[in-house]
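Before any comments, here is the structure.
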Amino acid sequence: MKKTDLNRRDFVGLAATLGAAAGTGLARPITSTATLQGSTATVPRKKLGSTGVDVPILGMGGSQKFDPKYDRRLHRAVAMGINYFDNSERYSNGQSQRTQATFFEQLGDRKKVWITSKVSHNTSPAKGEAPPEHFKKNLEQVLRDLRTDYLDMFFMHGIDNERFLEPAFIKMSEELKRAKKINFFGFSCHADNLPAILAKAARANGCRLC
């Protein structure tokens, strides 16, 4: 059986089916033109920023509930070459991470998956006034939920202030790398001041995917 990358039509069809399954909670087999033609389709991969790591161009979002015993969507995603799993301490109040931890153990090899997770500056106990220690402390709970020693990527989640790119936060990320808690560091932003935050990130020493 020949293994091929998805062409554009196959990829659009796969993405639509994955989205529908995720949105409705249906655990159903995924088909595409390639699989119907007798080939095993795989999602294309690209280098992620300056990390030099190959990741699939389509990841599995964790902002949903999964079957705590055996989630067919997660296993199907890996079969299609999707091994990038995105999480957050806030997704489904932690249920997403705990359920995915079971799935990762079912795979039997931590290195088969790329695990990203995020800590929000709005979660307890910080409530928006998060110092670097807040992210470090909550990361420990994230690691416990995921039952892993490290994250491939760690994000400060939904930052809305340039202060989160001050040297103290960059230093925090370097400390976590040295402690082998994370491999790479970044942030997400959904605020109106995104351009200013990106400009600050460009100026901040060490604030890059590395």
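General observations
- The phi torsions of the stretch 184-200, fed into the Karplus equation with coefficients 6.51, -1.76 and 1.60 and a -60° offset, translate into couplings of 9, 9, x, 8, 10, 8, 10, 8, 5, 8, 3, x, 5, 5, 5, 5, 5 Hz, rounded to whole numbers, with Gly and Pro shown as x.
- Given Lys65/Lys171; Lys47/Lys200; Lys65/Lys200; Lys69/Lys171, the pairs whose alpha carbons are separated by over 31 Å: Lys65/Lys171; Lys65/Lys200; Lys69/Lys171
- Qualifying GluC sites (Glu not before Pro) in the stretch 110-210, where qualification requires a DSSP coil assignment and no more than 15 other C-beta atoms within 10 Å, comprise Glu129.
- Each residue of the stretch 47-63 was assigned a 3J(HN,Hα) from its phi angle through the Karplus expression (A = 6.51, B = -1.76, C = 1.60, θ = phi - 60°), giving 6, 8, x, 9, 6, x, 9, 7, 10, x, 6, 10, x, 9, x, x, 7 Hz with x at Gly and Pro.
- Sparse packing (at most 15 other Cβ atoms within 10 Å of the Cβ) combined with a DSSP loop state is found for the following trypsin sites (Lys or Arg not before Pro) in the stretch 41-98: Lys65, Lys69.
- Cα shape, the stretch 65-210, gyration tensor, a/c 1.5 rule: prolate
- The stretch 123-195 - Rg and Dmax from Cα coordinates, angstrom: 12.2, 36
- For the stretch 136-210, applying the loop criterion from DSSP together with a ceiling of 16 other beta carbons within 10 Å to the trypsin sites (Lys or Arg not before Pro) yields Arg147, Lys180, Arg208.
- Residues whose amide H falls under 5 Å from that of Phe184, counting only those 5 or more places apart or on a different chain, are Met153, Phe154, with hydrogens built in the peptide plane.
- Computed label-point distance, nm, for sites Ala196 and Arg110 using a 7 Å Cα→Cβ extension: 4.0 nm
Bear in mind that the values in this text are calculations on the coordinates, not laboratory data. Computed from a prediction, not measured in an experiment: that's the story for all the values here. FYI the Cβ positions are ideal-geometry reconstructions off the backbone, even for glycines, and counts take in every protein chain you see.
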